[in-house]
Amino acid sequence: MELSEIMRTNGTCRFYKPNPVSDEILAQVLDASRWGPSGGNRQPLRFIAVRDQKKKKALKDLYLPIWNSYLEGVNSGENRVGGRSKIIEDADHFANHLHEIPILLVVCARLADVHPTDVNLDRLSVVGGASIYPALQNVLLAARARELGTALTTLLCVVEPQVKDLLGIPEDVSTAAMVTIGWPANPFPKKLTRRPLTEFAFTDHYNEGAISS
C-alpha cells in the first residue's frame, strides 16, 4: 500500500473486532514512532499499552463522564463538530464500548524533553506538541499499513491525575493522548472527507494566492 493511500484512508475507527493484536505487531507499530521528529532528538514519548480488562474498564469509567459532558455541549450547540451527525453517534458508541477494544494506548511525554518556544505569547501554547504528535502520527500510519484501526483522543488528559495513579505514571511524565488499536469491524473508508487545499494553503500572504492540488 502506498503512503498516499494510507493517509487518505486512515479514518478514525470507532468499531472494533474483539480479536487480539499480537505483541509482535504492536511492537512494529510503536517502533514507527522512533522516526518521528523531536526537538534536539530528545524523544519525549512514552507508551503504555493497556490490555488488562480491569484497567481498560477503569479508563472507560474515567472517559465516559468527560465524553457525556462534551456530548451535551454538542447537542446545545456549544461544541462545534465538522461533518456528518453520524460522527457523534459513532463516537458515542466508541465511548460506551471503550473497554472492549483490544488495546488502549496511553501516550505520555516527558515535558522536560520538549521545548515550547511560544509560552510567552498571549495565547495557548501549542509548540511543545511538535515533539510529540508527529511521532504519534507515525504510529497511526504504521497501524493502518497493517490493516489495524485506530482512534486518537485527548479527553482523558482532563483527568490526568487519576490516569497517572491508575497506571503508575511518574510525576515528571504527562499524558498527551490515548490511541485505541484493534482490528476494525467495518471496512476502511475509500477516501476521507477533507477541506480542499485552496481553503488553507497560500503563497506569501495569509488568505491570498491559494495553492491548488
Whichever residue in the stretch 168-211 is at negative phi, modelled with pLDDT of 95 or more and of a type in the set (S, T, N, Q) and, among such residues, is nearest to the chain's Cα centre (by Cα): Thr180
Residue within the stretch 119-142 that is of a type outside the set (Val, Ile, Thr) and at positive phi present: no
Restricting the stretch 85-132 to residues that are of a type in the set (S, T, N, Q) and part of a loop (DSSP other than H, G, I, E, B), the residue that is nearest to Thr154 (Cα to Cα): Ser125
Residue that is farthest from Arg146 (Cα to Cα), among those in the stretch 17-38 that are crowded, with 17+ Cβ neighbours inside 10 Å and either small (Gly, Ala, Ser) or in contact with an Asp or Glu (Cβ under 7 Å, 6 or more places away or on another chain) (or both): Ser38
Test result for Glu160, under 28 Å from Asp23 (Cβ atoms) and either within 16 Å of the chain's Cα centre (by Cα) or surrounded by 15 or more Cβ atoms within 10 Å (Cβ to Cβ) (or both): yes
Residue check for Ile211: in contact with a Cys (Cβ under 7 Å, 6 or more places away or on another chain) and part of a loop (DSSP other than H, G, I, E, B): no
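The values are calculated or read from the model by the stated rules, or taken from the named source; none is laboratory data. Being a predicted model, the structure only gives us computed values, none of them experimental. Neighbour counts run over all protein chains shown; Cβ positions are idealised from the backbone, glycine included.
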